[in-house]
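As C-alpha cells, the structure follows; a few thoughts come after it.
Rule-based calculations on the coordinates, nothing more; no lab input. This structure is a prediction, so every number in the text was calculated from the model and none was measured. We place every Cβ from the backbone using ideal geometry, glycine too, and count neighbours over all the protein chains shown.
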Amino acid sequence: MIDRKKRPIEPASQQARARMREYVEAHGGSSPIHTILIANNGMAATKAMLSLREFAFDVLGDAKALTFVAMASGQDLDANAEFVRLADRVVEVPSGSNKNNYANVELIIDVAEREAVDAVWPGWGHASEYPELPDGLAKRNITFIGPSGGPMRALGDKIAASILAQTARVSSIPWSGDGITCDPKVVIETGAIPPELFRKAMVTTEEECIAAAERIGYPVMLKASEGGGGKGIRMSKDAAELRNNFVQVTNEVPGARRRPFRRHRRGACSQQQTHARTTRRLAHVPHAAV
C-alpha cells in the first residue's frame, strides 16, 4: 500500500534540467516545465504520466526529467491505484464526490501553489473544462496544460464553436452562420463571440428558420445548441415539418418561453439557441422565446 504521507521529491538531475531548458528554447519557448501536478485520477492520470515519461526518455534521455505530483483521494489511496504508484509525490485530497477533489478548482490551485509546481495537467472530465482553472493558474504564473479560459468559455456553446472553427479555416458544411468568422484575440480576451456575430448566425423566428433551411436545402436537423445527449434534436424533410419541430425543440429548451435572453452558463452572453444539421448539411437556427 502507498504511504499516505507526502513522499519527498527527488529533483531531476542538473543535466536533465539543462536538457529540458535547451529543448524549450530550441522550440521558441521560455519557461521550462520540470514539475507537473496531475489534477485527475484513474486511467487519465496513468496515461499522462506514462506518456510523458516516454517523451522525457526519448527526447531528453532521462525518464525522470519530469517530476509528477499526484492528487489522490482516500478511495484511490485505499485502492492502491496505478497512478498513485507512478507519481513521484502524492498529496491526499478529500474523498467523496469529485467536487471535493478532482473537480474542485480552488483545491487544485491551492495544491499547485503549495507544491510549487510549474504546470497543471487537468486530463479530461472533472475540472478540465472549467475556465476558472486556467484563469486562476495564470494569475499565479502556473502553466495550464490546455486552452486558456477565453476560448474554453466560447467553445462551451455550439454556435460559438462553429464560428471559431470557421475562423481557423476548418471546412464546414452549410448552416445559417456559414462564412462567419471572428477575431481570435477578442475571444481570448472576453471569452465570448461578439454579440453582432451571434445575431448574424441566429434565426429568431419561425420564418427565419424556414428561410435558412430553404437556402441550405432539406433535409435539415434541428438541435438545441446548449443541450446535450440528443435532447432537442429533430430532423425535418420539408418546411411544414420544420415549423412543427421548431416549436417542439423550443419547448425542450429550459426557460425558452419565460426568458428570451439570458447569460450563457459559461459566461458568454447569448440567446437561447438551436441549430439544424444533417450529415450532409448543417443549418444553425438559434431562436429566442416564441
Margin query: Under the rule of at least 5 residues apart or a separate chain, name every residue whose amide H is placed under 5 Å from the amide H of residue 222.
Written below: 234, 235, 236, 277
Notebook entry, point to check: For 132, 189, 196, what ranking results if the residue with the fewest other Cβ atoms within 10 Å of its Cβ goes first?
Noted result: 196, 189, 132
Note to self: Could you sort the peptides 94-103, 143-152, 66-75 by per-residue average Cβ neighbour count (10 Å cutoff), highest mean leading?
What the structure shows: 66-75, 143-152, 94-103
Check: So who's got an amide H within less than 5 Å of the one on residue 73, skipping anything under 5 residues away but keeping other chains? H placed 1.01 Å off N, in plane.
Finding: 93
